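Trainee: Quick one: the structure is below, and I'll ask about it shortly.
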There are 4 protein chains.
Amino acid sequence: MKSYIKNQINEFKEKNQNRGRLLVSCPDQPGIVSTISKFLYSHQANIIESSQYSTNPEGGTFFIRIEFECPNLKEKAAEMELQFAELAKEFNMEWNLTHVYNVKKVAIFVSKELHCLLELLWEWQSGDLMADIALVISNHVEAKEAVEALNIPFYHIPANKDIREQVEKEQLQLVETYKIDLIILARYMQILTPTFVSANPNKIINIHHSFLPAFIGARPYERAYDRGVKLIGATSHYVTNDLDEGPIIEQDISRVDHRANVDSLKKIGRSVERSVLARAVKWHLEDRILVHDNKTIVF
Amino acid sequence: MKSYIKNQINEFKEKNQNRGRLLVSCPDQPGIVSTISKFLYSHQANIIESSQYSTNPEGGTFFIRIEFECPNLKEKAAEMELQFAELAKEFNMEWNLTHVYNVKKVAIFVSKELHCLLELLWEWQSGDLMADIALVISNHVEAKEAVEALNIPFYHIPANKDIREQVEKEQLQLVETYKIDLIILARYMQILTPTFVSANPNKIINIHHSFLPAFIGARPYERAYDRGVKLIGATSHYVTNDLDEGPIIEQDISRVDHRANVDSLKKIGRSVERSVLARAVKWHLEDRILVHDNKTIVF
Amino acid sequence: MKSYIKNQINEFKEKNQNRGRLLVSCPDQPGIVSTISKFLYSHQANIIESSQYSTNPEGGTFFIRIEFECPNLKEKAAEMELQFAELAKEFNMEWNLTHVYNVKKVAIFVSKELHCLLELLWEWQSGDLMADIALVISNHVEAKEAVEALNIPFYHIPANKDIREQVEKEQLQLVETYKIDLIILARYMQILTPTFVSANPNKIINIHHSFLPAFIGARPYERAYDRGVKLIGATSHYVTNDLDEGPIIEQDISRVDHRANVDSLKKIGRSVERSVLARAVKWHLEDRILVHDNKTIVF
Amino acid sequence: MKSYIKNQINEFKEKNQNRGRLLVSCPDQPGIVSTISKFLYSHQANIIESSQYSTNPEGGTFFIRIEFECPNLKEKAAEMELQFAELAKEFNMEWNLTHVYNVKKVAIFVSKELHCLLELLWEWQSGDLMADIALVISNHVEAKEAVEALNIPFYHIPANKDIREQVEKEQLQLVETYKIDLIILARYMQILTPTFVSANPNKIINIHHSFLPAFIGARPYERAYDRGVKLIGATSHYVTNDLDEGPIIEQDISRVDHRANVDSLKKIGRSVERSVLARAVKWHLEDRILVHDNKTIVF
């Protein structure tokens, strides 16, 4: 990547050497917050921001996200993880302790339509989206120039349903080689197999160009036009094996009127898609999202 | 109705003695605007506001709404209609010439949930919704007090699917007696028969408590909750014989988050429903809506 | 008040017998969350929802809102307060422990324009706004009928700047007699004296009919019209002695276009004002608002 | 410019050979629409879309925008202009007849912050913004690479208030040489002199990074932060000699909360600025904007 972007990332890492985030979900019961905060305090960690939510005080599920500053976090992180694992067992927790210093590695998949990719690249180079964009994979070549202009590796892997298996093998290989934390489908118009999806649970974010569950599947703008809707929308969600049925992260809409034909809907829709995907990606990068029962809690 | 509301209506009529509106749709061809505006000018009418739209310059459909001031409109209206009918034949027009002085007569149908009814009554008494609310019909009694407090006739007609035919006969009788121009289903939870609907084409406005076409049918908030959507919506539309499939007039949404349970969604949704229905009703009362191909043009 | 509203309130109290809320702000330092959560746990309280925020990890201010279920809260509340006071001293906390069972007593002040009052009454009677609306005070009589129809005491206290002192004395007397927790200025067009304001710090919510700080002061819609803005807004804020300068709680806007004259702006604006005020009031009633440095933290 | 963009423009020109737009404002009186539409019909022009508005039926101002298809427009345009000029005299019209084929020439001025420029370039290359971006002028070099990558001439003209006169002379020279129709200040942080502004009336569009008239002048995000607003906005307007006081074309806002510091406000604001400026520019390019009394009518 370009050196000024590298500098931005390095500055961010410098600034966040001691910044950690803890995400927890578990069966609700009294004493969880007390236990977690005592644990953090025992490591001299100062809680900067925390959000908590319970589905139901009795027999429900408890969720918390804590962002904290902890002196010498880099040195202590491994030990903290070990200790927290003990405590987590007691409360039957699913949990994740992340070190903000470890900027997440991202792969972007794209087809011919570039607006979502370009939005991400743009926010990225302006420092508004903190990630290490490690590579872009496309079944077309349209994106090549814009991607390589930023010194990001671009992989052209033609795809269609007949060679899907082979294609995904190559893709998974790259995902592994680059140690990717997050895959973004930025209008990548191919369906992924269960093998690919299950290898990356809650790690693939897709943008669907409609207000789900309206217009699930193909050609949503055409169908929105036919129905005569007055708002068009976009939905970003984690990918599961049920098409367009994964946990919704973010949605937004834009107003349209009778003058808009299908092309206008697409143009207007592009700007909704761009911002909806970018917001979802940022929240994921900031460890703000917990998935529960095919829904997201966004803290 | 209460005397201060009567006064508001009378003032409005006084002010709009010479105000007319012309709505036209027809196959597109050159010369339509010229012909219509010449016609209006020949009656000394001054065009105040006009909006026009064509689906396609070649072989498409032409739509126009014109609001005009015409001296002595009251006296001339009948003659103008006759003359315009001639001209309309030539261009194969569907058209409607309304005299704003003739405030529209409205019937509101409601069940137990009163928020949409109350919004309409409220905007009405504050002068923000210009109509003659002639009666309210309900299959329950919850609305009785609020309606009668404004001296509006309230008809309690219990309904269920076994007696639907008899119920609709009574309702249609009232609609006829009161010479109703517009029926508003303000969360009236009964399905209307094809007989009732076809007797009132594009004259029945319904509010559906979801962002159509998502969550067509019953229990939309429950289903929105289950799907984990991040926005909930409401849709006002003309009623046709296909459930929730009529031409959409207006839609809007409100943002929700993971903390909202079904009850919260309903509460938040109420305020969206209220404003979406009120806007649709106002546009209808102002003759702003043309229906074409199961879609609306809203000028 | 009407009996069905009383029933709603009683049901709510029943349901929230053991529900408490703790609001704290203090200089930031490690260990605060740990201390608070340990305290709650020691009383068998289960944290249902918590939100925390720090202006700055080093030398900043710490804010937290915790909602919890605590067995036998009613009996224990006094003792808990005493104990927490000790702990609060240590950390130099400003704090507030509320028992949700104690539904807040509210006074609404209104002039001639009733839309904001009616919105509040409406959400209230439909159970969407949980408060004990103890009285309405107005310098006009327009609101009398709607208020008394709900069996709420209505006090007509004519006001103008010459008799302001006497008027406020009466008003303060009523506020005291009714043990009012929150005063809502629902388009009450009189300026309050420093005496009145300082007697009710962060307990008076006003709705200003513009997007502050645009159009501070009188006639905001007229000035918005003159400036040709494309959006009009409304702002709810706590009242301080600087006109329209108090901490902003909530703002929203509505789109307008060139066709809107001053009257249209007012009509459109009314519905923004209504919802902005209602949201601010609900957040206050739910103890979601902390004030710091003339700003609000809304959890 | 790049060849694929040239191709897009050429396709557009091909498609719009016979497409014209007529903008008129004049003192209101009966017969204007009739006269104009008769004129168009006499040239076999078919009206595709028209919007009309009068400030006041009696003694007000009349505005109309008509988009039409006219066979052989290219050949007839000059003659039509001559004829319309006659007719315009009669009605005291200000008017503008544009041929859509003549794609507008645009100059973009920018400083260091590139988000608004990049948005425009982006929508432009994806075919969503139909213009001939002839050059970019900047007092800094940050934009150079992105601009030249699209084969657009980039002029680096350092500026400060001491050399303003000389700088503007160079800029005006370029504007003249390139026959510029529209100047876009895409976060160009220099104040223009009355000489420059009066040479380009209603031809300079600026983006101001606040919801005007709130936070006129410098450092709007800092001041928004200090005031604790809950929404931040952006405003695009034509430039006049009164700073930030020109006719507003478009405004929009984004919601923010207590967690946003000045930097976050800036980041969130960027995306509002981008879309608000892009919309204003598109409306201008489509001849949708009429200016009257320091306000805009946007059809």
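Trainee: Which one of the conditions (1) hydroxyl-bearing (Ser, Thr, Tyr); (2) in contact with a helix residue (DSSP H, G or I) (Cβ under 6 Å, 6 or more places away or on another chain); (3) open to solvent by 10 Å² or more (accessible area, probe 1.4 Å) does C:Ser37 fail to meet, given that it meets all the rest?
Mentor: If we test C:Ser37 against (1) hydroxyl-bearing (Ser, Thr, Tyr); (2) in contact with a helix residue (DSSP H, G or I) (Cβ under 6 Å, 6 or more places away or on another chain); (3) open to solvent by 10 Å² or more (accessible area, probe 1.4 Å), just (3) comes out false.
Trainee: Still on this model: Restricting the stretch B:57-88 to residues that are among the acidic types (Asp, Glu) and within 16 Å of B:Asn102 (Cα to Cα), which is least open to solvent (accessible area, probe 1.4 Å)?
Mentor: So the residue we want is B:Glu67.
Trainee: Next question, about the same structure. For the stretch D:149-202, give me each residue that is on the phi > 0 side of the Ramachandran plot and surrounded by 13 or more Cβ atoms within 10 Å (Cβ to Cβ).
Mentor: D:Arg187, D:Asn202
Trainee: Right, next: For the stretch C:286-296: of the residues being open to solvent by 10 Å² or more (accessible area, probe 1.4 Å) and within 17 Å of C:Gln52 (Cβ to Cβ), which is farthest from the other protein chains (Cβ to nearest Cβ)?
Mentor: If we take residues in the stretch C:286-296 being open to solvent by 10 Å² or more (accessible area, probe 1.4 Å) and within 17 Å of C:Gln52 (Cβ to Cβ), then C:Asp287 is farthest from the other protein chains (Cβ to nearest Cβ).
Trainee: Within the stretch C:98-113, does at least one residue satisfy the condition of being under 21 Å from A:Ser54 (Cβ atoms), crowded, with 16+ Cβ neighbours inside 10 Å and over 25 Å from the mean Cα position of the chain (by Cα)?
Mentor: So far as the stretch C:98-113 goes, no, none of its residues is under 21 Å from A:Ser54 (Cβ atoms), crowded, with 16+ Cβ neighbours inside 10 Å and over 25 Å from the mean Cα position of the chain (by Cα).
Trainee: Report, by residue number, each residue of the stretch A:40-56 that is of a type outside the set (Asp, Glu) and either at the interface with chain C (Cβ under 7 Å from one of its Cβ atoms) or open to solvent by less than 10 Å² (accessible area, probe 1.4 Å) (or both).
Mentor: A:Leu40, A:Tyr41, A:Gln44, A:Ala45, A:Asn46, A:Ile47, A:Ile48, A:Ser50, A:Ser51, A:Gln52, A:Tyr53, A:Ser54
Trainee: Among what's in the stretch C:208-237 and is β-branched (Val, Ile, Thr) and buried (at least 24 other Cβ atoms within 10 Å of the Cβ), pick the residue that is nearest to the other protein chains (Cβ to nearest Cβ).
Mentor: C:Val229
Trainee: Another question about this same structure. In the set C:Glu49, C:Glu11, which member is more than 18 Å from C:Gln83 (Cα to Cα), without any contact (Cβ under 8 Å) to a residue 12 or more places away in the chain and out of contact with any Leu (no Cβ under 7 Å at 6 or more places or on another chain)?
Mentor: C:Glu11
Trainee: What about B:Leu23, is it in contact with a helix residue (DSSP H, G or I) (Cβ under 9 Å, 6 or more places away or on another chain), of a type outside the set (Asp, Glu) and either within 9 Å of chain D (Cβ to nearest Cβ) or open to solvent by less than 20 Å² (accessible area, probe 1.4 Å) (or both)?
Mentor: The answer is no for B:Leu23.
Trainee: Out of the stretch C:272-285, which residues are touching a residue at least 60 places away in the same chain (Cβ under 8 Å) and open to solvent by 50 Å² or more (accessible area, probe 1.4 Å)?
Mentor: C:Lys282
Trainee: Taking the stretch D:255-268 on its own, how many of its residues are out of contact with any Ser or Thr (no Cβ under 7 Å at 6 or more places or on another chain) and not in a loop (DSSP other than H, G, I, E, B)?
Mentor: Residues that pass the stated criteria total 7.
Trainee: Separate question: Pick from A:Ser126, A:Ser111: which is closer than 22 Å to D:Gly127 by Cα and assigned by TED's automatic domain parsing to the domain that holds A:Leu172?
Mentor: A:Ser111
Trainee: Select from the stretch A:238-264 the residues that are at the interface with chain B (Cβ under 9 Å from one of its Cβ atoms) and over 30 Å from B:Leu290 (Cβ atoms) and write down the one among them that is most open to solvent (accessible area, probe 1.4 Å).
Mentor: Per the stated criteria, the residue is A:Glu245.
Trainee: Say whether the condition of being among the polar types (S, T, N, Q), outside any loop (DSSP other than H, G, I, E, B) and in contact (Cβ under 8 Å) with a residue 24 or more places away in the chain is met by at least one residue in the stretch A:21-32.
Mentor: Scanning the stretch A:21-32 turns up at least one residue that is among the polar types (S, T, N, Q), outside any loop (DSSP other than H, G, I, E, B) and in contact (Cβ under 8 Å) with a residue 24 or more places away in the chain.
Trainee: Right, another one. What is the one condition in (1) modelled with pLDDT of 95 or more; (2) more than 23 Å from C:Glu273 (Cβ to Cβ) that B:Asp244 does not satisfy?
Mentor: Going through (1) modelled with pLDDT of 95 or more; (2) more than 23 Å from C:Glu273 (Cβ to Cβ) one by one, B:Asp244 breaks only (1).
Trainee: Mind checking which pairs have a first residue in the stretch A:56-74 that is under 13 Å from A:Asp287 (Cα atoms) and a second that is basic (Lys, Arg), Cβ under 9 Å, 6 or more apart or different chains?
Mentor: Once the first residue is under 13 Å from A:Asp287 (Cα atoms) and sits in the stretch A:56-74, its partners that are basic (Lys, Arg) give A:Arg65/A:Arg21; A:Arg65/A:Arg288; A:Ile66/A:Arg21; A:Glu67/A:Arg19; A:Glu67/A:Arg21; A:Phe68/A:Arg19; A:Phe68/A:Arg21.
The values are calculated or read from the model by the stated rules, or taken from the named source; none is laboratory data. What you are looking at is a predicted structure, and each value in this text was computed from that prediction instead of being measured. Glycine also receives a Cβ, built like all others from the backbone with ideal geometry; neighbour counts cover every protein chain displayed. What goes into the accessible areas is simple: the full protein's heavy atoms, side chains included, and nothing from ligands, DNA or RNA. Shrake-Rupley method; radii C 1.70, N 1.55, O 1.52, S 1.80 Å.
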